[in-house]
Amino acid sequence: MSSPVARSVPAAVRSVLARDRWALAGTVAVVVIGLVAIFADVLTAIEGHDPYTYDSTALDPANGLPAGSFGGVSGEHWFGVEPLTGRDLFAIVVHGARTSFLIGLAATLVSIGLGVLIGAAAGYLGGWVDRVITWSADVFLGFPYLVFMIALGAVVPADFPRALLLIIVIGFFGWPTTARIVRSQVLTLKERNFVKAARTLGASPWQVFRTELLPNLWGPVLVMATLSVPGKIGLEAALSFLGVGVLPPTPSWGRSISAAIDWVAVDPAFLLFPGLALFAVTWGFNALGDGLRDALDPKSGVRR
Amino acid sequence: MRTLRFAAARLGGTVLVLLVVAFCTYIVFYLVPSDPALMACGKPCTPENLALAREFMGFDEPWWQQFLTFLGGIFTGRTFGTGPTAIHCTAPCFGYSFQQNADVLELIGGRLPVTVSLAVGAAVLWVVLGVAVGVYAALHKGSWFDRAAVAGSVIGVSAPVYLVGLLGILVLGFQLDVVPVGNYTELSEDPVRWAWGLVLPWFVLAFAHGAFYVKLTRTQMLETMSEDFIRTARAKGVPERTVVGKHALRNVLLPVVTLTGIELGSLLGGAVITERVFSLPGLGGLLIDAVHSRDLPTLLGCTLFAGFLVVVANAVVDLSYGLLDPRARLT
């Protein structure tokens, strides 16, 4: 019988960061952009612009393009300005990081939380509970969630907070993948002697879950969470890109990239800054997650 | 007999899944405060006109009755209204868009060729290229090709498809001017121009999706090549070409088939994004337009159709396991 977790989680994280330079670089990217998201207000105060104020003086009056070269990049506007509105692109990208992290992390919390609870219930309780959950997971995995989310954007009333809607919807559709993995882990764990002992001593399923199962699930849960954040951030960006995500004027990388479509030939800087930010975050979480998986899952050792 | 029973159970499960998808979609779209009759009734909208519009569209019935009528329409067709103004929607009727005055299934059918052209062409590219690059990289582990493949796949996995697409348009379309941007020609009209117009979208999609196939194939191949049966085959004197092509590749292809099925099943969702980037007039455009005009019947039809694609793709994947892996044969 193999243990699902090779070693303790903090030790694994430390060894990953010490040995795997890609995972370290990914962590640096995630931490830097995370700090940018937290201190968005401070950063924009230093630069001196907010993401909402229109400024026609930063534009070329002839065609609405940013005045100056490369999208109007200058000491005044670090990333240049948005065409047609003159809003500061640095402020938009920095505050967009906040939107991305908020929705990405909160949705991951929802989906991993649901997935762990549901998966553990299926694995530990077994019987009809297991059958119903496994079947529902199959239905969910067959659900055209992206199309459904796009369509949902049209019917949900405009006064419902969009960020909350996105967190709920993106998080809710994510549980089956987590639940499957947790279920299989719990199926192995529940045959181990320490779980059997707890059960024999009369521990309720909830007690067994909290004191015996959960501590042994942290490793896989951490890997799943890290690897699912970029997907969730990407989904928010994709929905905003399609105009059914975060509503204006709240900054969102996806919406900026979408707006950049019409300007890509004449103002590529407008595409590059939000695009690079989105890429950096996605790559950072993926690199960190891959490294963690290699360290915590002894089976996936052959990578590089 | 067992095969038949398995197939029947699979089919039953598939229908059940579709029913659940239809039911959930229906409930969400029709219980949210948004009245299609109000939008169709025109201005000025008197209460009488509104009631008339509701009756015409079938919204005067309780919601469960509406759902049953909708399901019935799939098998028997539906007629909206009576007399000379009646609109008939022939079976299988997946709804009628009162805004576009068209059968939803016809709307979907009209857009489908574009989306299928885009998705199938790209899928062929990404599977073939992804597997080929992955296998070659694994067989030459540590070479410059391997390192480039790993680096490329890392970029491809993390870069959203619309970003790659826009960069492709910017660099290849506008700066270098080697490929056309944003004109779609029907296949039946001119196959060469059809393919040429889709070259950029195909390669962009193939890069974004193929990256993961490279990663998957490479890891899988490395694992398989270190297995005992490979050593046995080599010890028996089986030529290396057969060891790789027959013994190893079979093991590698199983997860690839699963992934391809899942991705093709969810192609409609992805198509929405790709089509927006390359301004292709496919299903994605239909869906997005329906969202903006709040065309509920079209939304419902598209969601159901997307669910249908996913479910069918999953069934095909399950069946193809039997072909690739004798252990998974249904009998």
Problem set entry | Shielding by partners - mean other protein chain Cβ count within 10 Å, residues of B:270-280 | 3
Exercise. Convex hull over the alpha-carbon atoms of region B:111-292: what's its volume per residue in Å³?
Worked result: 132 Å³
Exercise. Sorted from largest down, what three extents in whole angstroms do the Cα atoms of region A:197-278 have along their principal axes?
Worked result: 71, 22, 15
Problem set entry | Cα point-scatterer Debye curve for chain A, base-10 log of I(q)/I(0) at q = 0.09, 0.14 Å⁻¹ | -0.55, -1.07
Exercise. Once the Cα atoms of helix A:175-189 and of chain A are each reduced to a long axis, what angle between those two axes, in degrees from 0 to 90 to the nearest 10, is obtained?
Worked result: 30 degrees
Problem set entry | Amide H contacts of B:Ala102 (H built 1.01 Å from N, under 5 Å, at least 5 apart or other chain) | B:Ser97
Seminar exercise, completed: So, over other residues within a Cβ distance under 9 Å of A:Thr53, counting Lys, Arg +1 and Asp, Glu -1, the net charge is -2
Exercise. What list of ³J(HN,Hα) couplings, whole Hz, do you get for region B:197-204 from phi and the Karplus terms 6.51, -1.76, 1.60, once you set θ to phi - 60° and write x for glycine and proline?
Worked result: x, 9, 4, 5, x, 4, 5, 5
For this session: Tabulate in residue order the Karplus-calculated ³J(HN,Hα) for region A:90-106, using 6.51 cos²θ - 1.76 cosθ + 1.60 with θ = phi - 60°, rounded to whole Hz; enter x for Gly and Pro.
Result: 4, 5, 5, 5, 5, 6, x, 4, 4, 4, 4, 5, 4, 5, x, 6, 5
Exercise. Given +1 on the Cβ of Lys and Arg, -1 on the Cβ of Asp and Glu, and no further charges, what dipole in debye does region B:111-292 carry about its Cα centre, rounded to the nearest 20?
Worked result: 760 debye
For this session: Quantify how much of the Cα-Cα distance distribution of region A:1-114 extends past 22 Å, in percent.
Result: 54 percent
Problem set entry | Per-bin percent of Cα-Cα distances, region A:147-245 [10 Å] | 13, 34, 22, 19, 11, 2
Exercise. Quick one: net charge of B:Ser153's neighbours, Cβ under 10 Å, K/R +1, D/E -1?
Worked result: +2
For this session: Return, for the Cα atoms of region B:188-331, the radius of gyration and Dmax in Å, separated by a comma.
Result: 20.3, 67
Exercise. Charges only on Cβ, +1 for Lys and Arg, -1 for Asp and Glu: so what's the dipole of chain A about the Cα centre, in debye to the nearest 20?
Worked result: 1860 debye
For this session: Please give the peptides A:100-113, B:192-205 ranked by average Cβ packing (other Cβ atoms within 10 Å per residue), highest first, as a rough proxy for protection.
Result: A:100-113, B:192-205
Seminar exercise, completed: Under the Karplus relation with 6.51, -1.76 and 1.60 and θ = phi - 60°, whole-Hz ³J(HN,Hα) for region B:63-74, x at Gly and Pro, equal 4, 5, 5, 4, 5, 5, 4, 4, 4, x, x, 5
Exercise. By how many degrees, between 0 and 90 and to the nearest 10, does the Cα long axis of helix A:21-38 differ from the longest principal axis of chain A?
Worked result: 60 degrees
Exercise. When Cβ neighbours within 10 Å are restricted to other protein chains, what is their mean count per residue of peptide A:149-159?
Worked result: 6
For this session: Distance from a point 7 Å along Cα→Cβ of A:Phe70 to each backbone N in region A:264-286: keep the residues under 19 Å and list them by number.
Result: A:264-280
Exercise. Given the options A:Phe172, A:Phe241, A:Phe39, which has the most mean-square fluctuation in a GNM of chain A, springs set between C-alpha atoms less than 10 angstrom apart?
Worked result: A:Phe39
Seminar exercise, completed: For region A:54-116, one quarter of the surface area of the C-alpha convex hull, expressed in nm², comes to 5.3 nm²
For this session: For chain A, find the longest principal axis of its Cα atoms and tell me its angle to the long axis of helix A:269-296, 0 to 90°, nearest 10.
Result: 20 degrees
Exercise. Considering the alpha-carbon set of the protein assembly as shown alone, what are its Rg and its Dmax in angstrom?
Worked result: 26.4, 86
Seminar exercise, completed: Per the helix-only model, chain A has a calculated mean residue ellipticity at 222 nm (DSSP H runs of ≥4, -39500 (n - 2.57) each, divided over all residues, rounded to the nearest 500) of -22000 deg cm²/dmol
Exercise. How much FRET efficiency would the formula 1/(1 + (r/R0)^6) give for A:Ala198 and B:Arg231, where r is the Cβ-Cβ distance and R0 is 51 Å, rounded to 0.05?
Worked result: 0.70
Problem set entry | Dimensions (Å) - region A:72-193, Cα atoms, principal axes, largest first | 65, 37, 22
For this session: Run the dipole for the protein assembly as shown about the Cα centre, Lys and Arg Cβ at +1, Asp and Glu Cβ at -1, nothing else charged, and hand back the magnitude in debye, nearest 20.
Result: 3220 debye
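Bear in mind these aren't lab numbers, they're just calculated from the coordinates by the rules spelled out. Since this is a predicted model, take the numbers as computed values, not measurements. Cβ atoms come from the backbone with ideal geometry, glycine included; neighbour counts cover every protein chain shown.
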